[in-house]
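So the structure is just underneath, and the comments pick up after that.
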C-alpha cells in the first residue's frame, strides 16, 4: 500500500475507531463527572487534585503541585491563593529556601476532601464493578501502555528537528 492509499484509508476510516478519539471521549466523560460532583463542594478539578496530593504527600511547593497537576506555575499560584483564601490550605516559608512557600492541608481542607472523596469514589467503584478482575487488570495495563506511547510521541513532537 503506497502513502496516498494509506492516507485515503486513514481519512475514510470511521473516527469512532481511532484510539485517540476513544481516549479523549473517556477523558471528557470522566472530567465532566468529576466537575459536576466537585461543583457541589465548591471545588474545581485542580483544587480537588491539590487537596488529594497534599493529603497523600504532605507539604509541597507550588512548583511541585503544578507539575503534579499538569498546570503552569502561574495557574497553580492562582489556585493556591484561592484555596488559601478559602482556608483549605496554608502556606509557610520553606525551612530550606526562603523564597519557596510550602502548601499544607488545613483541617477544613481535609474535611472537605473527605466529603468530596466520598462522592468521587462512587464512580471508581462503578468502573471497577463494570469489569471482571482480569479485565480491570488488562485495562490498567493497556492504559499504562497507551500513556507511555502518548508521552513518547509528545516528546518527539516537541523535540527540535535534527540538524
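Here, each number is a calculation from the coordinates, and none is a lab measurement. Worth saying up front: this structure is predicted, and the values here are computed from it rather than measured. Cβ coordinates were reconstructed from backbone atoms using ideal geometry, including for glycine residues, and neighbour counts include every protein chain displayed.
Okay, here's what the table says:
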{"quantity": "Between 0 and 90°, nearest 10: helix 3-12 axis offset from the chain longest Cα axis", "calculated": "60"}
{"quantity": "Segment residue 114-residue 32, length gained on full extension (0.36 nm per residue, minus Cα span)", "calculated": "27.5 nm"}
{"quantity": "Highest average packing first - 112-118, 145-151, 128-134, Cβ atoms within 10 Å", "calculated": "112-118, 145-151, 128-134"}
{"quantity": "Options (1) 82, 51, 37; (2) 62, 50, 26; (3) 43, 35, 29 - which one matches Cα extents along the principal axes in Å as calculated here", "calculated": "(2)"}
{"quantity": "Full-stretch length increase - residue 39, residue 157 - with 0.36 nm per residue and alpha-carbon distance subtracted", "calculated": "39.0 nm"}
{"quantity": "Relative contact order, percent, the stretch 20-163 [alpha-carbon distance under 8 Å, six or more residues apart]", "calculated": "19"}
{"quantity": "Mean Cβ count within 10 Å, highest first, over the residues of peptides 85-97, 44-56", "calculated": "44-56, 85-97"}
{"quantity": "Packing-based exposure ordering (other Cβ within 10 Å, fewest first) of 33, 156", "calculated": "156, 33"}
{"quantity": "Expected 222 nm ellipticity per residue - DSSP helices of 4 or more, -39500 (n - 2.57), all of the chain, to 500", "calculated": "-23500 deg cm²/dmol"}
